[in-house]
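One structure is given below, encoded as structure tokens.
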Amino acid sequence: MVINLQFTYHLIASNLLSRKLRPKHVISKKLKLFTLVVAVSLFSIDSHAQNAPASSAIHTFDFELPVDQSIHYMTRQAWTTRNGLPHNSINAIAQDKQGFLWFGTWQGPVRFDGKDFDIYDDIRVTGLPDIGIFSIALNPCDDSIYVAGARGGISRFHDNRWLPLEPAPPFINEVEIDKNCTIWVSSSEKGLINYENNERVSRFTTEQGLPSNNVYQSRVDASGNLWAATAGGLSVKRAGAMRFELIDDLPANRVRKLLIDSDGRLLVGTGSGLYRQQDDKFTFEKLLPNLNFTISAINRTRDGALWLGTYRNGVLRFYNGELQQVNTDNGLPNNHVLDILEDQEGSVWVSTHGGLMQFRRSLFTTMQSHNGLAGDFVRSVYEFNDKLYVGTSSGISTLTKAQLATFESPHPLANQSVLSFSEYNNQLLIGTYTNGLFIWDGERVTDHLTTKNVLKSDEVRAIAGSEKHGLFLGSPVGVTQLKKTEKGWQTRLITTQDGLQNNYITTLRIIDNKLWVASVSGLSIVDLDASSTTEWQVRQLDFSDLHDAQLTFQISQKGPYVFLATDRGLIYHHQKEDTWAIINRDQGLPFDNFLAVSFDGDANIWLGSNRGAIFIAHDEFEDFLSGKTSHLTYQRFTEVDGMGSSQINSGGPSMIRSQNGRVWMSTARGVSSVAPSDLKAMVQIAPPAVIASVTADGQRVSYGGRIPADTQRLVVNYAGLGFLMADHIEYQVRLVGFDDQWLNRGSMTTSEYTSLPANDYIFQVRAAYPGGSWSEPASFAFARSEHPWQQSWFWLSLAVAITGIATMLVRARIRFLSNQRAQLERMVAEKTRELKGLARQDSLTQLGNRRAFDEQLQYEVKRCERSAQPLSLAIIDVDHFKLINDRFLHVVGDQVLIELSTLLSSLLREVDYVARWGGEEFALLMPETNAKDALQAAERIRQTIEDASFNHLANDLSVTVSIGVASSEHYPNHSALLVAADKALYQAKQGGRNRTELA
């Protein structure tokens, strides 16, 4: 059991101090000492409880800056087979110099660019004896990737080619490459094997002193000592020695993990905790004495934190004397951690038997109930006297530079469901859902107004006030005006009878002595100066020309503008010019409904919605307001960027700018905040751009290659290798030789060119995070050939031909030879077309064959990516076809396949494509068809075949089929789509055949 001292300190302090919220918590030195003694005692009492989970830390928060990047406050994102991984067990992780992440899985090595997984599961390509990969290593000398694992296979990926090495059977635990580019292979039964220049040169076993031939890992330290972690313990071959010697002061059990730490000392992961090398180099002491977990991975990140993977207890992070834990209870896919890697941007990747998890810096800082917030459903947030007040459905919390605190019972503000905040006469006004209005001076509640004394409703949804006109409270029964006199509070109600459009109030704002009243039916303005004691001067605003907006959720003022977050978009009003306009989808925003609006410290605008936070840069928005541009660009941020929830609630107010420039947002799962400096820091490192592939009319083009003169379409696929905000990466491209200007491509990762003229070209792409600097461009050189008539030799030949026409005999002879050549070329072309057709056509059914189908599938997958339309795949298998062949002979079986192909062709649309997949299997592509429609179509096909009569082929002959269906809605690449459809077919077979199953 790992006890966090900071947690214990807060726990005991909270019990000894008053449960009332106090502005300053003063804890004596004696109390701190007592806390420390109790914490140490608790630590000691349970020090032998192996495999007990570590306690989560209780953190303090900085009001001006994000919380420290502890493991509990990093943004986490998980990947599994549902996201495109071929297998959930990620045995090893590496990153190459370009920035690609590599994963070793039981279904082959995988390369990841932040969005797409490239799976190398074809052993004919990789040269491996098996697709199971247990180790991946980067060779720093040439940036090649080495993969190894099952059956002892090793293969090297370099320059987009796989080159297999001599295997080291039976199984490889790890491949390590030292600074001299020597390869050390740790095998399960053959000891430690050494490769130089990719050639196997030597082997170390028990005969050379290893305690076991089962070697898990090896490391070469700065002094040239070779360390080996084995099933029999840790051993070392000292520099210049011939034999290994066993390290005696470690536990007599298997050692699985080694790490050369930043100070050059060795860290050793054992079955009973972590050990560190002492200064004399060959003795060890236990690091974290009370940690007895089995260590399965070790990594030291650049911030100095020590990350530990365990066998059964998830991942641990040791930083500044604090030990933290993440396991399946708080989001880890599986508690058995297999590897840990820090990438080039500082994200930490943790692989498990249940999938992959990324821990990365959060753009947003979020506080939730597990951090001490009163509740997760936050409706309103407000800054008062250098404190941030967070109103939730379960109570009120305050945030200062010192800590996060919550009003607890028996305090009168405890457990209040808060709807709104405001400020009046240096006091904080707190509107609740069922308990009226509280007035708080920062130390105590000075007044509490309800329906029992002065209010017309206990539901206070909005508050506005001014020294001249008093307080205004919005509720479901109208607006209540409150004025404090010597006789107490005087009240007056404003309702629809006075001119409001509806009594159910959503928000209030006083601007220039005018009360803006938003209701569920529209907006009204009350002229407070012009109103009398008997009559309110109310003007109803007509928004029928502004997309008929009715619901206004928040009103904000900036310069000469008033901004309204409404159900039809962002309405803005220029007060001096008295103009009104609206911003929504028509101006480039992703949707129309906005619940909040605010500006950060750099005057960037933030819009709150139920689908995330919308950010528009200051310069962009200023250009729009001044008419320099008519279309806005934006970034949308959601949970993957650190927000507690994409649902930003409406409240009074639900989004504000604090004095330090941060924007605070009330969400359905906590309060989230972001600062301009956060965004600037996040985008400082530009994601490197890479070019994944270049194809000309579907044929791959090599770098420096030449494409034919008749090429109609050139397609370039590229990616930005950034993992901090992969969904927000933007691209610019240019084709030098065609257009030297950079073109904005947004988030598009494909560029197409048609009918390029003959020339030498260089395609370039660069990537950036929103508002960040552009990366160095990635380049791809190629050339397009000229047509014959565009080349000088053609004109020379023509001149020779014209000269040769001097005589009729020569002219006739040239014509005769030209005709002969043309005839031969036509014959060759016709034969070539016939052969190409035969190569892609099934000779029995005349349908396309497997090769033709694979080409069509790749084409349709790319097309569906570009058009954002779904693509469905069905694999059809004839039930008990072997019995048909055995009972009625193969002639009848062949005829069944022929008739099935005819029947299938008659049932399809023009856009569908059917091919003979092989044997008794057919494959069907259904473009622009979602999973539900594809399943219905497949079921119609199955039923039609079942109802069809085959008695004319043989008596008592009946034919049924089983069909597996998959859709790109769930499996975005062609490999995953095929695997999913095949698995669905297998389920149909297992379910009794003559049925249709959807993956």
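Overview of values
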| item | result |
| --- | --- |
| Selected residue (criterion: nearest to the chain's Cα centre (by Cα)) from residues of region 187-203 that are surrounded by 12 or more Cβ atoms within 10 Å (Cβ to Cβ), of a type in the set (D, E, K, R) and part of a strand (DSSP E or B) | Glu196 |
| Subset of region 745-802 [free of Cβ contacts under 8 Å to residues at least 60 places away in the same chain and β-branched (Val, Ile, Thr)] | Thr754, Ile762, Val800, Ile802 |
| Strands (runs of 3 or more DSSP E) completely within region 287-364 that count 1 or more residues being touching a strand residue (DSSP E or B) at 6+ places or on another chain (Cβ under 8 Å), touching a residue at least 60 places away in the same chain (Cβ under 8 Å) and among the small types (Gly, Ala, Ser) | 348-352, 355-360 |
| Inter-residue pairs, beta-carbon under 8 Å, first farther than 15 Å from Ser524 by Cα and in region 488-500, second polar (S, T, N, Q) and assigned to a loop (DSSP other than H, G, I, E, B), 6+ apart | Trp489/Asn453 |
| Residue under evaluation Trp184, criteria (1) free of Cβ contacts under 8 Å to residues at least 60 places away in the same chain; (2) hydrophobic (A, V, I, L, M, F, W, C); (3) closer than 19 Å to Glu342 by Cα, criterion not met | (3) |
| Residue within region 577-586 that is polar (S, T, N, Q), under 28 Å from Ala617 (Cβ atoms) and free of Cβ contacts under 8 Å to residues at least 24 places away in the same chain present | yes |
| Selected residue (only one of Gly499, Gly474, Gly488 is assigned by TED's automatic domain parsing to the domain that holds Arg539, under 19 Å from Leu564 (Cα atoms) and among the small types (Gly, Ala, Ser)) | Gly474 |
| Residues of region 898-927 classified as at positive phi and assigned to a helix (DSSP H, G or I), total | 0 |
| Residue in region 79-99 that is more than 18 Å from Leu338 (Cα to Cα), of a type in the set (S, T, N, Q) and at pLDDT 95 or above present | no |
| Tally, over region 855-881, of residues that are in contact with a helix residue (DSSP H, G or I) (Cβ under 8 Å, 6 or more places away or on another chain) and part of a helix (DSSP H, G or I) | 4 |
| Search result, residues across region 666-677 that are surrounded by fewer than 20 Cβ atoms within 10 Å (Cβ to Cβ) and closer than 12 Å to Gly642 by Cα | Arg669 |
| Evaluation of Ile884 against (1) under 26 Å from Thr695 (Cβ atoms); (2) touching a residue at least 60 places away in the same chain (Cβ under 8 Å); (3) in a helix (DSSP H, G or I) (one fails), failing number | (1) |
| Region 759-783, residues that are surrounded by 15 or more Cβ atoms within 10 Å (Cβ to Cβ) and modelled with pLDDT under 90 | Tyr769, Pro770, Gly771, Gly772 |
| All positions within region 934-966 that are in contact with a Leu (Cβ under 7 Å, 6 or more places away or on another chain) and of a type in the set (S, T, N, Q) | Thr944, Asn951, Ser962 |
| Residues satisfying the stated conditions in region 709-725, i.e. surrounded by 21 or more Cβ atoms within 10 Å (Cβ to Cβ) and under 24 Å from the mean Cα position of the chain (by Cα) | Val716, Tyr718, Ala719, Gly720, Leu721, Gly722, Phe723, Leu724, Met725 |
| Single residue of Phe621, Phe615 found to be in a strand (DSSP E or B), assigned by TED's automatic domain parsing to the domain that holds Gly588 and buried (at least 18 other Cβ atoms within 10 Å of the Cβ) | Phe615 |
| Flag if Gln712 is at pLDDT below 95 and outside the structural domain of Thr566 (by TED's automatic domain parsing) | yes |
| Selection count where residues are part of a loop (DSSP other than H, G, I, E, B), surrounded by fewer than 14 Cβ atoms within 10 Å (Cβ to Cβ) and at pLDDT below 70, scope region 784-796 | 0 |
| Any chance Gln416 is modelled with pLDDT of 95 or more and more than 20 Å from Ile656 (Cα to Cα) | yes |
| Strands (runs of 3 or more DSSP E) contained entirely in region 390-433, each with at least 3 residues that are in contact (Cβ under 8 Å) with a residue 24 or more places away in the chain and touching a Gly at 6+ places or on another chain (Cβ under 6 Å) | 418-424 |
| Answer residue from region 80-106, given it is β-branched (Val, Ile, Thr) and surrounded by 20 or more Cβ atoms within 10 Å (Cβ to Cβ) and is farthest from the chain's Cα centre (by Cα) among those | Thr105 |
| Residue in region 221-242 that is outside any strand (DSSP E or B), touching a helix residue (DSSP H, G or I) at 6+ places or on another chain (Cβ under 8 Å) and at pLDDT below 95 present | yes |
| Residue in region 192-207 that is closer than 16 Å to Lys237 by Cα and in contact (Cβ under 8 Å) with a residue 40 or more places away in the chain present | yes |
| In region 738-758, residue surrounded by the fewest Cβ atoms within 10 Å (Cβ to Cβ) [restricted to those that are among the small types (Gly, Ala, Ser) and under 29 Å from Thr633 (Cβ atoms)] | Gly746 |
| Residue, modelled with the lowest pLDDT, within region 726-737, restricted to residues that are outside any strand (DSSP E or B) and surrounded by fewer than 18 Cβ atoms within 10 Å (Cβ to Cβ) | Asp727 |
| Total residues in region 928-951, condition at negative phi, outside any helix (DSSP H, G or I) and touching a helix residue (DSSP H, G or I) at 6+ places or on another chain (Cβ under 9 Å) | 3 |
| Residue, surrounded by the fewest Cβ atoms within 10 Å (Cβ to Cβ), within region 961-999, restricted to residues that are closer than 26 Å to Asp122 by Cα and among the polar types (S, T, N, Q) | Gln987 |
| Options Arg700, Arg706: the member that is over 24 Å from Leu388 (Cβ atoms), free of Cβ contacts under 8 Å to residues at least 12 places away in the same chain and of a type in the set (D, E, K, R) | Arg700 |
| Set Ser650, Ser673, Ser666: member being within 28 Å of Ile510 (Cα to Cα), of a type in the set (S, T, N, Q), in contact (Cβ under 8 Å) with a residue 60 or more places away in the chain and assigned to a loop (DSSP other than H, G, I, E, B) | Ser650 |
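The values are calculated or read from the model by the stated rules, or taken from the named source; none is laboratory data. Values in this document were obtained by computation on a predicted structure and should not be read as measured data. Neighbour counts run over all protein chains shown; Cβ positions are idealised from the backbone, glycine included.
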